[in-house]
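The values are calculated or read from the model by the stated rules, or taken from the named source; none is laboratory data. Predicted, not measured: the structure shown is a model, and the values here were computed from it. Cβ coordinates were reconstructed from backbone atoms using ideal geometry, including for glycine residues, and neighbour counts include every protein chain displayed. Side chains are part of the model used for accessible areas, which takes the heavy atoms of the whole protein and leaves out ligands, DNA and RNA. Shrake-Rupley method; radii C 1.70, N 1.55, O 1.52, S 1.80 Å.
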Amino acid sequence: MKTMVALGEILIELNSLSPGPLRHVTYFEKHIAGSEANYCVAFTLLGNRCVFVGRVGDDEFGRNAIEWLRGKGVDVGRVKLDPNPTGIFFIQRNYPVPDKSISIYYRKGSAGSRLSPGDLDDDLLREADVVHSTGITLAISETAREAVFEAFERAKVTSFDTNIRLKLWSPEEARETIMNLLRREPLKFLITDTDDSKVLVGESNPDEAYRLLSPYAELVVMKQGPKGATVYYEGEKYFSPGYTVKVEDVVGAGDALGGTFLSLVLSGFPPKKALDYAIASSTLNVTMRGDQEPLPTLQELDEFLREMNKVPGVR
């Protein structure tokens, strides 16, 4: 069993039960979310261990988040209760663009944004098989940013998902901060996408973006939305195409892909096979509301791949 330590913010997601503009939505469905928390659940469901480092509010939402993640097998022993409230966000689906979702945040000054270097455990970081975080955590506060930089300095193996959210910071700040992290702490795993690479290195072509980012990571996963994803490693390139399915909500699909890929690669899967399974995981994720509820076990991924690969035209 491999151990991942994830630093980030756990959020409460309020997902609209009906599509369209939120001004006309009456009912919402509550889920636990947050990119690193999503990674943790995907990682744990596939037979490994994830320790989450962060803060939630000393409130009902915070307790809900801790209980939910514990129930999914995530180690929440390093999650601290904070006097600030647990952050929330709303999801608007299929409007104004069909098959797209919009996240609307209410997280400024949240408990999760108060993550700081004082929350780090040196022994935990040094012993972990991988330490993971994202661009979201770099964006939510200066202290959270410092915590990620310090954690990556102490870790023996690191993973980073660029996850640029321009509602949280400007393209210029995102580029400067993330590239500073990459230059200071070369990664084992870099997970990004063509929109983020455009911000970081001015290039959305996957191969060209990889060429510019390759000095900063041993292995790069380039997500390409519904088209699929490409993994670059040891001089090799492998593209795994996406599947055509009915889309309910796309939020969380990238985390499903990344968390599944990391868990399986660390378990010994070849990167090509791990990416095929990761594409399957992200596909299942878009068919339901909620970031974590659709995350599959290995047996469920096997069943998905067997059945979908029998159907012509789904890839």
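Data for the structure
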| item | result |
| --- | --- |
| Hits in segment 136-175 - residues which are among the small types (Gly, Ala, Ser) and within 17 Å of Ile10 (Cα to Cα) | Ala139, Ser141, Ala144, Ala147 |
| Per-region count, segment 21-38, residues β-branched (Val, Ile, Thr) and either open to solvent by 70 Å² or more (accessible area, probe 1.4 Å) or in a strand (DSSP E or B) (or both) | 2 |
| Residue satisfying condition, being closer than 23 Å to Glu36 by Cβ, over 15 Å from the mean Cα position of the chain (by Cα) and without any contact (Cβ under 8 Å) to a residue 60 or more places away in the chain, within set Tyr238, Tyr277 | Tyr277 |
| Segment 276-315 - residue that is among the hydrophobic types (A, V, I, L, M, F, W, C) and out of contact with any helix residue (DSSP H, G or I) (no Cβ under 6 Å at 6 or more places or on another chain) and, of those, nearest to Gly242 (Cα to Cα) | Ile279 |
| Residue in segment 183-198 that is surrounded by fewer than 18 Cβ atoms within 10 Å (Cβ to Cβ), closer than 15 Å to Ile136 by Cβ and at pLDDT 95 or above present | yes |
| Counted residues, segment 41-71 - those being in contact with a helix residue (DSSP H, G or I) (Cβ under 6 Å, 6 or more places away or on another chain) and either in a helix (DSSP H, G or I) or surrounded by fewer than 19 Cβ atoms within 10 Å (Cβ to Cβ) (or both) | 2 |
| Residue count, segment 198-207 (criterion: of a type outside the set (D, E, K, R), out of contact with any strand residue (DSSP E or B) (no Cβ under 7 Å at 6 or more places or on another chain) and assigned to a helix (DSSP H, G or I)) | 3 |
